[in-house]
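*Asks:* Submitted below is the structure of interest, expressed as structure tokens.
Laboratory data are not the source of any read-out in this text; all were calculated from the coordinates shown. A quick note: this is a predicted structure, and the numbers were derived from the prediction, not measured. Heads up, the Cβs are rebuilt from the backbone with ideal geometry, glycines too, and the neighbour counts pull from every protein chain shown.
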Amino acid sequence: MDPDIAVAEFHALGLGAPHAISAAHGEGVHALVEAALAGTLERAPALAPTAEEDAPAVAIVGRPNAGKSTLVNALLGEERVIAFDQPGTTRDPIRVRFRHGEREYVLIDTAGLRRRGRVFETIEKFSVVKTLQAIESANVAILLLDARQDIADQDAHIAGFIAERGRAVVVAVNKWDGLDDYAREQAKRAVRDRLAFLSYARVHYISALERRGLAALMRSVDDAYAAAMARLPTPRLTRHLIQAVAKQPPPRDGLVRPKLRYAHQGGTNPPVIVVHGNRLDAVAPGYRRYLEGSFRDAFGLEGTPLRVEFRTGRNPFALRGSNRR
Ligand SMILES: Nc1nc2c(ncn2[C@@H]2O[C@H](COP(=O)(O)OP(=O)(O)OP(=O)(O)O)[C@@H](O)[C@H]2O)c(=O)[nH]1
Ligand SMILES: [Mg+2]
């Protein structure tokens with residue numbers, strides 16, 4: 001088509017000069033993108049962290065009807081999001097700013113997830129991706145369980161997703177009001193048994209409806225956030241590594257004895273600790289877990305997954321030194 005003729009009638013929209021493109025052939029697309037991005041480079045300082053990005057993002061996730069929206073309202077002290085006794089009340093993640101004590105947060109209310117067969121579902125099919133994205137975009141997830149329902153596979157699956165993505169997490173068992181001792185014991189045991197793999201997460205028993213236990217819950221959110229974002233200096237990591245190895249050396253793999261030399265931080269949210277040395281391919285999985293636990297205790301990293309990675313090879317710091325010569 002002749003582009004001039006094709007776009008003529010769209011001038012009538014009054015939105016400026018239309019772009020004629022062919023998505024299939026790529027014609028005009030480059031110019032379109034340039035136009036769309038024009039001025040964004042000059043605005044680049046806006047990409048520096050804003051207050052919004054400074055505030056910990058806390059995603060509240062759990063199965064449908066667990067009380068997520070009620071919890072958001074309880075924290076805000078007002079009815080800002082819709083809570084209702086029907087699964088599927090929340091469809092899209094809702095972000096609200098929230099000040100608690102000295103601190104600002106962004107709370108993300110999400111659509112409840114359940115699991116059918118191999119995939120996650122929500123009552124409203126298309127909400128699931130958005131809930132999963134909300135977990136990924138958060139600094140801390142509050143996994144909300146319903147004390148009046150069995151802690152079931154669906155809760156464990158959500159917990160598994162959070163752990164797999166390396167998100168810091170605090171578990172909150174909701175609807176604790178009006179439960180008898182027997183029901184409370186049952187619920188506590190179920191959390192211990194079913195969520196054993198989230199052993200690094202703190203557990204709180206709360207009532208969103210009666211606003212009980214919320215201050216303590218938020219303290220754990222703060223701690224989990226601090227752990228997820230912790231800066232771990234190389235000298236302290238290395239000193240701790242050497243102590244941990246002295247206390248319990250890595251087992252031999254056949255004739256090979258791995259040598260762990262020094263450690264530095266490879267990332268945050270979740271923290272990654274990179275251990276350098278020789279023959280680290282021969283480190284047994286159990287020994288990695290030992291190191292994880294040891295670093296976790298030493299640096300107070302409660303509430304976040306922690307990854308220990310091994311790198312065999314030349315010392316990059318030594319390399320940097322030799323380049324300078
Ligand atoms: N007894 C009791 N009921 C609660 C509590 N928290 C929430 N509820 C009730 O549980 C029902 C569901 O609450 P919502 O907050 O809408 O649940 P949700 O997790 O947001 O649900 P979806 O948006 O559908 O995923 C409502 O009837 C709430 O009043 C609680 O602490 N105790
Ligand atoms: Mg809701």
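*Asks:* Per residue, what volume in Å³ does the Cα convex hull of the chain take up?
*Replies:* 256 Å³
*Asks:* Give me the distance between the Cα centres of region 59-92 and region 286-310, rounded to whole Å.
*Replies:* 34 Å
*Asks:* Mind jotting down the three principal axis lengths of region 51-228 based on Cα atoms? Whole angstrom, largest first.
*Replies:* The Cα atoms of region 51-228 stretch 43, 35, 32 Å along their principal axes.
*Asks:* Label LEU37 and GLU309 with points 7 Å out from Cα along Cα→Cβ: what is the distance between them in nm?
*Replies:* Computed distance between label sites LEU37 and GLU309 equals 2.7 nm.
*Asks:* Here is a further query. Hey, fewest Cβ within 10 Å first, where do VAL171, VAL203, VAL33 land in order?
*Replies:* VAL33, VAL203, VAL171
*Asks:* Something else now. Using a Gaussian network model of the chain whose springs link C-alpha atoms within less than 10 Å, name the residue from HIS264, HIS25, HIS276 with the highest mean-square fluctuation.
*Replies:* Looking only at HIS264, HIS25, HIS276, the largest GNM fluctuation is found for HIS25.
*Asks:* Principal axes first, then extents: for the Cα atoms of region 184-259, list largest minus smallest coordinate on each axis, whole Å, largest first.
*Replies:* Extents along the principal axes: 60, 31, 16 Å.
*Asks:* Please get the size of the charge dipole for region 234-324, origin at its Cα centre, with Cβ charges of +1 on Lys and Arg and -1 on Asp and Glu, quoted in debye to the nearest 20.
*Replies:* Charge dipole, region 234-324, about its Cα centre: 400 debye, nearest 20.
*Asks:* Taking neighbour Cβ counts within 10 Å as the exposure measure, how do ARG167, ARG194 sort from fewest upward?
*Replies:* Ordered by Cβ neighbours within 10 Å, fewest first: ARG194, ARG167.
*Asks:* Under a 10 Å cutoff between Cα atoms, tell me which one of ALA156, ALA111, ALA31 has the largest fluctuation in the Gaussian network model of the chain.
*Replies:* ALA31
*Asks:* Using the basic label-point model (7 angstrom from Cα toward the beta carbon), what is the ALA156 to ARG91 distance in nanometres?
*Replies:* 3.3 nm
*Asks:* Given 0.36 nm per residue, what is the gain on full extension from GLU79 to ARG289 after removing their alpha carbon distance, in nm?
*Replies:* Using 0.36 nm per residue and subtracting the Cα-Cα distance, I get 71.2 nm.
*Asks:* Further, regarding this structure: In region 123-197, how does Rg compare with the Kirkwood Rh, expressed as the Rg/Rh ratio over alpha carbon atoms?
*Replies:* Taking Rg over the Kirkwood Rh, I get 1.00.
*Asks:* Additional query: Hull surface divided by four, with the convex hull built on the Cα atoms of region 234-324: how many nm²?
*Replies:* 6.4 nm²
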